[in-house]
1. Report yes if some residue within the range B:100-111 is within 14 Å of another protein chain (Cβ to nearest Cβ), surrounded by fewer than 21 Cβ atoms within 10 Å (Cβ to Cβ) and of a type in the set (Ser, Thr, Tyr); otherwise report no.
2. Just checking, does the range B:64-71 include any residue being within 25 Å of residue A:301 (Cβ to Cβ), modelled with pLDDT under 80, over 31 Å from the mean Cα position of the chain (by Cα) and assigned to a loop (DSSP other than H, G, I, E, B)?
3. Say whether the condition of being more than 8 Å from chain B (Cβ to nearest Cβ), under 26 Å from residue B:325 (Cβ atoms), small (Gly, Ala, Ser) and in contact with a Phe, Trp or Tyr (Cβ under 9 Å, 6 or more places away or on another chain) is met by at least one residue in the range A:49-56.
4. When you go through A:247, A:280, A:252 one by one, which is the residue that is within 14 Å of chain B (Cβ to nearest Cβ), surrounded by fewer than 21 Cβ atoms within 10 Å (Cβ to Cβ), touching a Phe, Trp or Tyr at 6+ places or on another chain (Cβ under 9 Å) and among the β-branched types (Val, Ile, Thr)?
5. Please determine whether any residue of the range A:64-81 is touching a residue at least 40 places away in the same chain (Cβ under 8 Å), touching a helix residue (DSSP H, G or I) at 6+ places or on another chain (Cβ under 7 Å) and crowded, with 20+ Cβ neighbours inside 10 Å.
6. Out of (1) at pLDDT 85 or above; (2) out of contact with any helix residue (DSSP H, G or I) (no Cβ under 9 Å at 6 or more places or on another chain); (3) hydrophobic (A, V, I, L, M, F, W, C), the odd one out for residue A:44 is which?
7. Starting from residues that are more than 28 Å from the chain's Cα centre (by Cα) and among the β-branched types (Val, Ile, Thr), keep the ones in the range A:16-53 and report whichever is nearest to residue B:19 (Cα to Cα).
Amino acid sequence: MTNNNRENIYRIKSHSNLSQETVEKSLTDYVYSDKKQWNWFIKLFLLSLGVGFTTAGIVFFFAYNWADLHKFAKLGLVEALLVGTTVSIFIPAFSSTTKNMILTGASVLVGVLFAVFGQIYQTGANAYDFFMGWSVFITLWVVVSNFPPLWLIYIILINTTLYLYSEQVAYYWEERTVFILHFCLNLVFLIETVLLQRIRKEIHIPTWFTNTIALMTAFFATIGIIIELFDYYENSSYILFLITFLVYAFGVYYAINQKSIFYLAVIAFSSIIIFSAMLVRMWTEIGMFFFVCIFIAGSVTAVIKGLLSLHKTWTNE
Amino acid sequence: MNKEISISELINQFKESEGKSFTINEQAIIAETVERAANRTTVAITVLSILGGVFATLAFMGFLLLAVHDSEVGLMAFGLLFIIGSVVLNKVYYKTIIDTVSVSAFMIGFCMVGFSLEGFGIDDQLLCLIFIGMATAILVINQTYLLSLLCFLLIFGATFGLLNTNDTLNIFPYLYMVVLASMLTVVALNESKIISYGSKILKLYRPLFLANACALIVLLGFSTMADSYTYTQKIFADYSWIASIVCIIAVLFTISKIKKRYEHEHTILNNGVIYAGTVLALAPTLFAPAISGGLLLILLSYLINNKVSLVLSIVSFIYFISLYYYNLGYTLLTKSIILFVTGLLFLTAYMLFINKVKSHEEI
């Protein structure tokens with residue numbers, strides 16, 4: 001924990017006559033990124049920019065309306081690129097990170113292929129089936145690579161497909177239904193990730209990935225309930241309330257078991273926002289805003305007090 | 001990740017390296033360590049404190065805007081009371097659990113003072129100056145992390161407001177960008193020197209760096225709002241190139257510092273290739289300082305290992321690059337060629353880099 005190191009150096013410095021040279025040396029030794037970390041960083045930086053720019057270049061190339069190019073030539077070109085990129089994964093000299101990044105680039109090319117198809121046959125650039133086709137045809141790569149950034153792209157694609165489907169085909173769906181579906185969809189991914197982490201211990205799932213999905217799930221629950229409160233107050237179905245309540249209750253149980261401050265903080269904050277929205281909706285007097293201000297400050301403080309004592313207990317165990 | 005070292009190990013190391021002249025108040029260090037351990041926090045808790053404060057302030061603003069307030073004096077009195085209350089609370093009773101309350105009170109206080117001054121008919125420039133003065137005074141009295149961060153953000157924000165209301169030449173935002181980028185570079189590269197100036201400055205170092213980084217990100221974001229980066233239109237239209245040149249020089253300077261730090265082992269790439277490559281890669285973005293500024297932020301944040309500003313810098317850098325190409329006044333075909341060639345250049349640099357690293361490892 002480099003932050004602890006920095007804090008310790010600062011503390012010693014403020015209570016001693018430690019020389020500037022020694023502070024500099026200790027920061028370099030224990031806090032700043034070292035040579036190995038810089039090598040890793042530069043590699044990742046250059047590779048991300050390289051793959052990102054090249055893929056973006058290809059996307060822009062096909063976005064340009066080639067009137068003179070025959071449709072088979074257009075599709076053939078993207079196909080050739082796709083095959084070429086995918087085959088390059090078998091080069092043994094590449095590390096698994098490099099291969100995964102190339103596969104991510106190839107997954108974007110699948111989207112380009114569908115876009116070119118859409119351009120030729122005039123299916124529209126934001127048709128839901130474009131995103132659905134894209135999602136379906138990269139599924140295998142996503143599963144095989146198990147590369148978190150690719151999984152995230154995949155989850156975003158499926159969410160986009162669902163959103164566009166509700167806009168273009170199932171336009172009669174109520175807004176709250178769409179939010180319930182988004183919430184359930186992301187919840188399934190979250191549960192899957194959590195279960196996978198427990199069952200297959202050899203698979204390393206980074207915390208940022210599970211945290212991002214947890215945040216997306218809580219976002220849809222919170223906004224969905226606020227919409228339910230303000231747009232469907234008279235004929236509320238309570239479905240989202242009920243699911244959210246059950247999920248949050250289980251989430252708290254899981255977080256305490258797993259000693260996760262993050263999940264507890266997210267659930268608590270989402271609940272506070274939902275409750276505040278409920279207060280504002282039920283009592284529309286001006287004074288309610290004042291009360292909500294006090295409520296938020298008070299409840300967040302109480303939650304922080306609880307989280308701090310839990311954190312202290314867990315770190316001392 | 002750097003290895004973790006306990007505070008007692010560090011003290012022993014320092015005693016050894018500093019010799020007899022080294023004096024240390026170990027009792028005070030132990031007392032502070034015990035106190036901070038009781039308040040040990042996580043990023044999630046800090047974010048929760050800030051978000052709680054922001055939402056409570058928003059609710060209060062809702063109340064204030066809906067309620068009919070006809071007393072500017074009352075607003076001013078209560079606003080000042082809120083600010084003083086939050087500062088005193090932080091000064092006397094500094095615990096993580098009061099963060100939300102003090103952040104809310106602080107922000108609500110400043111909003112009320114702002115409304116009151118507007119009501120008194122004070123012009124925007126004077127308002128900015130008053131805010132800068134108040135925030136500076138609070139920094140002198142109180143150096144706790146969150147309030148200092150808010151004070152620095154207020155100072156940077158009010159300075160921008162001040163320059164913007166004065167701007168007739170459209171040059172000030174870019175000059176301010178120059179100041180912020182240079183300041184961030186100086187602050188990041190001189191941490192040991194700055195924290196050696198005194199215990200108050202030492203406490204202010206981290207909030208200053210983060211607030212400076214946030215201010216630069218926001219300002220770079222403003223610069224991307226230009227309609228187009230077509231060179232002929234922009235060349236005499238504004239002064240964005242001044243900011244770009246300073247950011248590019250700062251990037252080169254930072255790279256030289258990074259290289260120097262590891263020179264006693266061995267350098268990885270030839271100096272000329274690195275500097276020329278960086279200048280060549282950044283030259284086409286001469287009228288888009290967000291690109292070189294974003295790169296500078298990433299380098300400095302990674303250099304001093306500040307995770308919050310690193311995440312913010314990476315996210316904004318991706319946004320700035322996307323916007324740069326989106327705004328570029330060329331046809332899609334030209335854009336695609338530029339992007340593709342740039343991508344291939346980066347991939348070539350990547351291959352060169354891993355080969356060099358491998359050959360050094362073999363030696």
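1. no
2. Looking through the range B:64-71, at least one residue is within 25 Å of residue A:301 (Cβ to Cβ), modelled with pLDDT under 80, over 31 Å from the mean Cα position of the chain (by Cα) and assigned to a loop (DSSP other than H, G, I, E, B).
3. no
4. Checking each option against the conditions leaves just A:280.
5. Restricting attention to the range A:64-81, the residues satisfying the condition of being touching a residue at least 40 places away in the same chain (Cβ under 8 Å) are A:65, A:71, A:74-75.
Filter once more, so that each one left must be touching a helix residue (DSSP H, G or I) at 6+ places or on another chain (Cβ under 7 Å): A:71, A:74-75.
Those left that are additionally crowded, with 20+ Cβ neighbours inside 10 Å: none.
No, the range A:64-81 has no match at all.
6. Just one mismatch for residue A:44, condition (2).
7. A:22
Yes/no per residue for (1) more than 7 Å from chain A (Cβ to nearest Cβ); (2) closer than 18 Å to residue A:85 by Cα:
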residue: B:321; (1), (2): yes, no
residue: B:324; (1), (2): yes, no
residue: B:330; (1), (2): yes, no
residue: B:339; (1), (2): no, yes
residue: B:342; (1), (2): no, yes
residue: B:346; (1), (2): no, yes
residue: B:353; (1), (2): no, no
residue: B:359; (1), (2): yes, no
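The values are calculated or read from the model by the stated rules, or taken from the named source; none is laboratory data. Quick caveat: nothing in here was measured; it's all calculated off a predicted structure. Positions of Cβ are generated from backbone atoms using ideal geometry, with glycine treated the same way; all protein chains shown enter the neighbour counts.
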